[in-house]
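One structure is given here, and the rest of the page talks about it.
The values are calculated or read from the model by the stated rules, or taken from the named source; none is laboratory data. Remember, predicted model here, so these are calculated numbers, not experimental data. Ideal geometry is used to build each Cβ from the backbone, glycine not excepted, and the neighbour counts take in all protein chains shown. All accessible areas refer to the heavy atoms of the entire protein, side chains included, with ligands and DNA or RNA removed. Shrake-Rupley method; radii C 1.70, N 1.55, O 1.52, S 1.80 Å.
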Amino acid sequence: MTTLGKMAKYAFIGKITLRNQLAYIIDFLIRSLFLLLILYIFLQLWQATFHGEGDASLIAGYSFNQIMWYLVITEAITLACPSLCTRIEEEVKNGDVGYRLVRPIHFVVFHYVEYMSEAAVRFGVNAVLGGTLGLLIIGPPELSAGFLWLPLAAAFGLTVNFMLNMTLALCAFWVEETRGIEFVYNKFLFTIGGMLMPLELFPDALQAVGRWLPLQAVLYIPAKTAVAFDASRLAGMLAVQVLWIAVIGLAVAWIYRRGVKKLNVNGG
């Protein structure tokens, strides 16, 4: 099969996934109401924080407006990510993974196309709802060229998150139960990954650790690119995301090759 034929095949898979997700757009809207609750809670917390700082208009270089729009972006990306560990764990348990592996479609690439297609729909819905709430309560963001780069940075961030989740999900080839590992990973992503606040607000030692981890590429870099745009640092931040995609991608390929040899298929 030619490269063009393979690309067309995966593009068709993405198209079908998008169509399936759009068929349940109302469900997404209902689930995304949780985003509004989270943002309202953070709004109250950060209002109290900035009020406690007295006349300070900036905290670690961020204004109240920037912090809130930073949270709109990180929450929109976080809630857009499907649970890959749950999906692959169930495939292993019920035996569906056996059918996946014998098809003329690469197992990891198939899940990547499905993951990104679903995440694109979810992120779009979350961005509309979160952006609407932000405009009504926070006010418009400080517009910059960073928002033009946000789609690319978010796509890279979602790809890094997929790679990290895939390394955990492939452990199901050995242990089957991976949701506990995913839970721990998500907690690291929420904290040192920069979902709850920018890395600049952490102690210096923790900032240094966070900047050496791939977690920053998932949420912190896309959100910072949009709300605190620095043209001189843009190429460097995007390069960090691309580097982690390549490094973790190699790890995923190695784990996958070993996992397929060890896999014990149940069911079907």
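Shown in residue order for region 58-66 are the 3J(HN,Hα) couplings computed by the Karplus curve 6.51 cos²θ - 1.76 cosθ + 1.60 at θ = phi - 60°: 10, 10, 6, x, 10, 7, 4, 4, 5 Hz (x for Gly and Pro). Protein-only accessible surface at a 1.4 angstrom probe places the residues Ser63, Ser232 in the order Ser232, Ser63, largest first. Using the average count of surrounding beta-carbon atoms within 10 Å as a protection proxy, the listed peptides 171-181, 119-129, 214-224 rank, highest first, as 214-224, 119-129, 171-181. Over region 3-262, accessible surface divided per residue gives 49 Å², non-protein components excluded, 1.4 Å probe.
Between Ala231 and Phe188, the C-beta separation translates, for a Förster distance of 25 Å, into a calculated FRET efficiency of about 0.25. Across the accessible surface of region 3-262, with the other protein chains kept in place and a 1.4 Å probe, carbon and sulfur atoms take up 70 percent. The aspartates and glutamates whose alpha-carbon is closer than 13 Å to the alpha-carbon of Lys262, local same-chain residues fewer than 8 away aside, are Glu176. Largest first, the residues Tyr62, Tyr40, Tyr256 sort by 1.4 Å accessible area into Tyr40, Tyr256, Tyr62. To the nearest 10, the accessible area of Ile137 is 80 Å² with a 1.4 Å probe.
If contacts are Cα pairs under 8 angstrom and at least 6 residues apart, what is the relative contact order of region 3-262 in percent? Working shown, then result.
Values: 277 pairs, mean separation 68.0, N = 260.
The value is 26 percent.
Here the simple spin-label model places points 7 Å from the Cα toward Cβ, and for Leu201 and Leu101 these points are separated by 4.5 nm.
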